[in-house]
Structures are given as structure tokens and as C-alpha cells.
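The values are calculated or read from the model by the stated rules, or taken from the named source; none is laboratory data. Keep in mind that this is a model prediction, so the values were computed, not measured. With ideal geometry, Cβ positions are generated from the backbone for all residues, glycine too; neighbour counts draw on all protein chains shown. These area figures cover heavy atoms from the full protein model, side chains too; ligands, DNA and RNA do not enter into them. Shrake-Rupley method; radii C 1.70, N 1.55, O 1.52, S 1.80 Å.
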Amino acid sequence: MSRETTYLELSQEDGGAHKFYEVTVDGTTVAVRYGRIGADGQRQTSTFPSIEKAKAAAAKKVGEKVRKGYATAVQGQRAARSVTRRQVTSAPSTARATAPVLWRFRTGATALGIHIEEDRCWVGNQRGDVYTLGHDGEVLARYQLPDGVKCLVADDFWIYAGCDDGRVYDLSSKLPFAAYEIAEDVDIFWLDIHEGVLNVADRSGGLTVIDHEDEFQWSRRSTGGSAWMVRADEDAVYHGHTRGVTAYATDGSGELWHTATTGNVLFGWQEDTAVYAGTGRRVVERLNKRSGRIEATYRCDASVYSCATSPGGRYVFAGDSSSSVYCFDADGTRLWKLGTGGGSALSMQYRGEKLYIVTTDGSLACIDASETAISAAQSGSVPVALDIKQAAALPTYVPTATVATVSAVPAPGAGVVVECIQEAGGRLRVHVVSEGYEPSWNVQFPRAIRQAGARYVVDALHTSQGGFYRVRGEIKRLV
């Protein structure tokens, strides 16, 4: 049987789309590969009852792309578009004492992503490595993603990694999968997820909002660029950029307020009633979520790369470009400043009297932030930091383009069956087939593996407040 491949590209000079689409017909099988130029891309495979039907389906796919502006091309002639990596400098600390670091794990590359849960710590670096550790520093697992990790965010007990390849990976199961794929013209700087809705801040100062099914909802372009902050709740999306912080209604209906900050925003944090913006002008500013009014200012001695708070904003923490960390009282009074002992903190999170930071030298460090430990550190007495090593046989998980199969419907309680349905208009939706679930609700499901009529088995489904289901566990195709 003959094998025919059609390769198309769409690359716009104005910096917009830069993507490819490849269709291969091999007998009765049609394989589609698509993504950003220079990347391996995502894959879909369909089987048809005859060679003629396979060729017709392939021709239809190619025709649709040509009508959208794609043209035949030679793979490899166009280079991959460069992706912005955060360029930061890190000077030695000017603090007189060093923070009481309990343990430190070196990932091997600059680390931007951090998330601290009740039972584990997450760190992601610019090499695409994501590690999970226990609170004692034990390295538990490694996820190897295709490109650098910009940030790690959580939505309930789902954990997501935003990467330089333009995708957002769900790491909630052992096998990570691409839950969202951002438009090719969006260079991710930061992201946040609230009830399955993804909010993306980008290099151009744009904000893009995508729903739980990886479908575009709305976008806005701010008056500034380099948007390193986005935080979201049920009332608004808070977008920080070079001109300040702008709050938008969650449905995209309009701007709620805009506040010019003291300097360009380099990081953002939120509590129930306030957002915190760390800026290049050496301050963290607390803004009221309803009005945008600046309520308090926390002054540091260098540009602020990261910030965080203890619950309710009782204490405010900051990390600067000179390898120092700070703690302030809620009103802005500086309580202490200490050196990190290992680069500038690019992200941070406080939990249970511990301040966790990820740094320019690629480390995840656990700092004892209790009053006793800080007082001792200020007097020059700090513990010897435990240098964490990963085990030689560390479990490593990578995204896969193929889906494992299962031949039998699971027994009740052993799994959930879902089905991919093509609706009028061509959209592929996933609904639950198993009993005990609301059949009209959609399931958040990887777009790359959706096939009309296909059934899949997942370990479990969980209800989200937005009225949809999220997958928990491995996905297998039912054949």
C-alpha cells in the first residue's frame, strides 16, 4: 500500500501564527501531526473502512487548512520561533546574615515553578524537569516535560505546568498529558487556573482566557508589556504588566479597574481580599481587589522577583534580585532581611512556618521561618542545610503520544467509561457513559486524543464547581 504525506505550514511575518499541519495516509489509516514549527507536535490517528474513504478524509482535512491560509512547505526550512526565557541577574546578598535553610535540592537549571501541598513540594525548571519531594526533602518522582517550565499552578488538587512549548500539562496523574494548548502567537509568561478556566499572561502584555475544554473564551491587550502576573478568583482576573495591575470581569465583559504601580510588575500573589504586586522599583504593593486601591507598601533594597504571604496576609514575604528574602508585617513594617545562600528567589510559597523558594541557581530550598529560627539566624546561628540527592532509580514520567488500551468495561467502582461525541458544528465533546454521573456534563479531556465515537476508561472523575468533570488517573482507550 502506498503512503502519502502532505505537509503544510502557516507562518505570519507579523509574529502571529507559526505552525504546521501534516497529514499522512497509509492504507486505511490517516495520521495527523500538528503544532508549532520546529516541535514534534501532537498526533491523532483515525482508521476508515476503505482506502478511498481514508483519502477523502485526508483531502478534506488538507482543504480546510489551505482555506485558513496554510500552504505546502518543506519541513525543516523554517526554523522554530524562539521562546522568551526569563532573563534575570542575581547579585550577592547585602544582608548581614543568612536564612536558616533546612534543606536544599538542586535541580540543575534555573527554577521558576513552585507549588507546596500538604504532603509534597513541587519544583519546575527551565530544562523541563519537574520534581516532587516530601517535606523532609526526599525526592519522590520526576516528570520530564518537552520544554522549560514557566510556572506551576494548582486548581483544587490538580497541578498544572505551563511550558515554553505553548502547552499546559496536567501532572495530577503519573502520566502527564497536555490539558491546554495555547495559541501559537502567545508567548506564555505566567498563568493561573481557577475552576478549570485557564488565564494566560504573555510577553506582549496580553491576557488570554481558555475554558476547561481547551477552547478560547476571550482576550485583552493591556497598555503595558511583559505580563509576569496573572491571578484569578470567582470575581475577577488580575493582570500585572509594565504599566501596573488591571482587573477584568471573569466573563470578559470589561475592565473593572486599573492601578499604576510603583514600577513594572515582576510577580503577583493573591489573598481573599487583596492582590500583591512585586515590582522592579524595589517594592511589593498590596491592592484592594474591589477597588484597586493601594493599601500598603513593602519596601525592599532591590528589584522584587517574587512575593508570597502567610494565610490571610498576616506576614508578607519577598525575594529580591540580590539573593535576599524579606519578611514584613501586614502594615509594611520590615521584620527581617536574610540572604538565601543560593541565588535569587524567582518564586516562593509559605506553608506551616516554612518559606519555600526556587532560585536562579535551580534550587528548591526550605527555610525555617519560625520566630525562633529567624532570631537565631539574625544572631549568626543557622543549621547546616541538608544537601538533597535524588535516588539513582528515581521514577521518571514523560508525556506520551499514545494511549494504552483496555478490552473490557471495568466493573462498577473500578473505573469510569467516557465517550467522545461529535456535535453539530464539528466540536468533539466527551461525556460520561457510566451510571451515576450527569450525562450532559462535559469532561475535561486531552484534545490530542479525542476521536469521534471512541470510548475511554479513566480511573476516576471528580466534579468541579463549574459544572464539568475532571479526569483523575490514567486514561485508556476501550477497544
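Tabulated results
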{"item": "Odd one out for I294 among (1) in contact with a strand residue (DSSP E or B) (Cβ under 6 Å, 6 or more places away or on another chain); (2) open to solvent by less than 50 Å² (accessible area, probe 1.4 Å)", "result": "(2)"}
{"item": "Hits in the stretch 332-360 (condition: more than 26 Å from the chain's Cα centre (by Cα), closer than 22 Å to T297 by Cβ and in a loop (DSSP other than H, G, I, E, B))", "result": "G332, T333"}
{"item": "Single match in D329, D320 (criterion: more than 21 Å from the chain's Cα centre (by Cα) and open to solvent by 10 Å² or more (accessible area, probe 1.4 Å))", "result": "D329"}
{"item": "Strands (runs of 3 or more DSSP E) within the stretch 100-140 that include 1 or more residues open to solvent by 20 Å² or more (accessible area, probe 1.4 Å)", "result": "101-106, 111-116"}
{"item": "Residues of the stretch 371-386 that turn out to be surrounded by 13 or more Cβ atoms within 10 Å (Cβ to Cβ) and either outside any helix (DSSP H, G or I) or among the hydrophobic types (A, V, I, L, M, F, W, C) (or both), as a count", "result": "8"}
{"item": "In the stretch 387-414, the residues that are part of a strand (DSSP E or B) and open to solvent by 60 Å² or more (accessible area, probe 1.4 Å)", "result": "D387, T396, T405"}
{"item": "Candidates V430, V417 - the one that is in contact with a strand residue (DSSP E or B) (Cβ under 9 Å, 6 or more places away or on another chain), without any contact (Cβ under 8 Å) to a residue 40 or more places away in the chain and in a strand (DSSP E or B)", "result": "V430"}
{"item": "Residue in the stretch 183-196 that is in a loop (DSSP other than H, G, I, E, B) and at pLDDT 80 or above present", "result": "yes"}
{"item": "Qualifying positions in the stretch 429-479 - of a type in the set (G, A, S) and open to solvent by 70 Å² or more (accessible area, probe 1.4 Å)", "result": "G436, S440"}
